[in-house]
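Some notes on the structure that comes next.
The values are calculated or read from the model by the stated rules, or taken from the named source; none is laboratory data. Being a predicted model, the structure only gives us computed values, none of them experimental. Note that each Cβ is placed from the backbone with ideal geometry, even for glycine, and that neighbours are counted across all protein chains shown.
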Amino acid sequence: MIKDRLQSTDEAQEALREAFEALVAAMVHHRDAVKVRLSPSARWPVLVLSCARSDYGTVIGTRGSTLEMLRLLARIAAQRAGFAGVDVDVDESACTGEWRSGQPTKMVPRQDWDATGFEMLLQTFCAVCFGPCSIAMDQVTHDRTKVAVAVLEPLPTGTNPDAVDGAMRKVFKCAGAMYGQLVNVDVEAAEVAGDRLQ
């Protein structure tokens, strides 16, 4: 019984790690340099992230704003998997390549827009983070895409739906920019949808 529980805990941690790594990789130019490892902890999972040094600023964001959004989404996914929480750390010493110097350069798209691949990333991450979701993508113009995500199960207790919406907007806007796309994501939590129906 304990062995089964430990195995399911390991599987849940690995699914969380894989989803987080895929999401961060979608946000940066050097996706192969993105590594997320699980660090031993008695309390709850600790995800340790490293990336290319030139992508470090993208992952951290202004005054740490992007990293905080990533932490929020990881926390929701961890709670859904049955953990009380999760820690997300960045290992600067494991970051590879050269540090970017001088003024920030204009973000150049990494590759051609792949709507199907982007939707698969969105579906995979939303499934791990929120459970069942309804996702609708609408290509407004050749370089602008609107995404509506309806979360079908309640968010973990104490989670602010507006904060989740803001986090998803920021993170997937970064991911869309890698493809030269302006991606607008709207997330509607089950609680919000229920309130509107009453």
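Scanning the stretch 132-165 for residues that are under 18 Å from residue 190 (Cβ atoms), surrounded by 16 or more Cβ atoms within 10 Å (Cβ to Cβ) and not β-branched (Val, Ile, Thr) gives 133, 150, 155, 161, 165. Name the residue that is nearest to residue 171 (Cα to Cα), counting only residues in the stretch 19-60 that are surrounded by fewer than 17 Cβ atoms within 10 Å (Cβ to Cβ) and in contact (Cβ under 8 Å) with a residue 60 or more places away in the chain. Top of the filtered list is 29.
Tell me which residues, restricted to the stretch 147-165, are in a loop (DSSP other than H, G, I, E, B) and of a type outside the set (Ser, Thr, Tyr). Even if it seems obvious, please write down each step before you answer.
So in the stretch 147-165, the residues in a loop (DSSP other than H, G, I, E, B) come out as 152-160.
Scanning the stretch 147-165 gives 152, 153, 154, 155, 156, 158, 160.
All conditions but one from (1) touching a strand residue (DSSP E or B) at 6+ places or on another chain (Cβ under 9 Å); (2) closer than 13 Å to residue 87 by Cβ apply to residue 42; the one that does not is (1).
State the number of residues belonging to the stretch 177-191 that are more than 13 Å from residue 58 (Cα to Cα) and either assigned to a helix (DSSP H, G or I) or touching a Gly at 6+ places or on another chain (Cβ under 8 Å) (or both).
Step one: filter the stretch 177-191 for residues more than 13 Å from residue 58 (Cα to Cα), giving 179-191.
Keeping just the survivors that are either assigned to a helix (DSSP H, G or I) or touching a Gly at 6+ places or on another chain (Cβ under 8 Å) (or both) gives 182-183, 190-191.
Final tally of qualifying residues: 4.
Of the residues making up the stretch 12-35, those that are under 15 Å from residue 73 (Cα atoms) and touching a strand residue (DSSP E or B) at 6+ places or on another chain (Cβ under 7 Å) number 5.
Per-residue answers, yes or no, for (1) in a loop (DSSP other than H, G, I, E, B); (2) at pLDDT 85 or above; (3) farther than 24 Å from residue 59 by Cβ:
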residue: 101; (1), (2), (3): yes, no, no
residue: 109; (1), (2), (3): yes, no, no
residue: 134; (1), (2), (3): no, yes, yes
residue: 145; (1), (2), (3): no, yes, no
residue: 167; (1), (2), (3): no, yes, no
residue: 175; (1), (2), (3): no, no, no
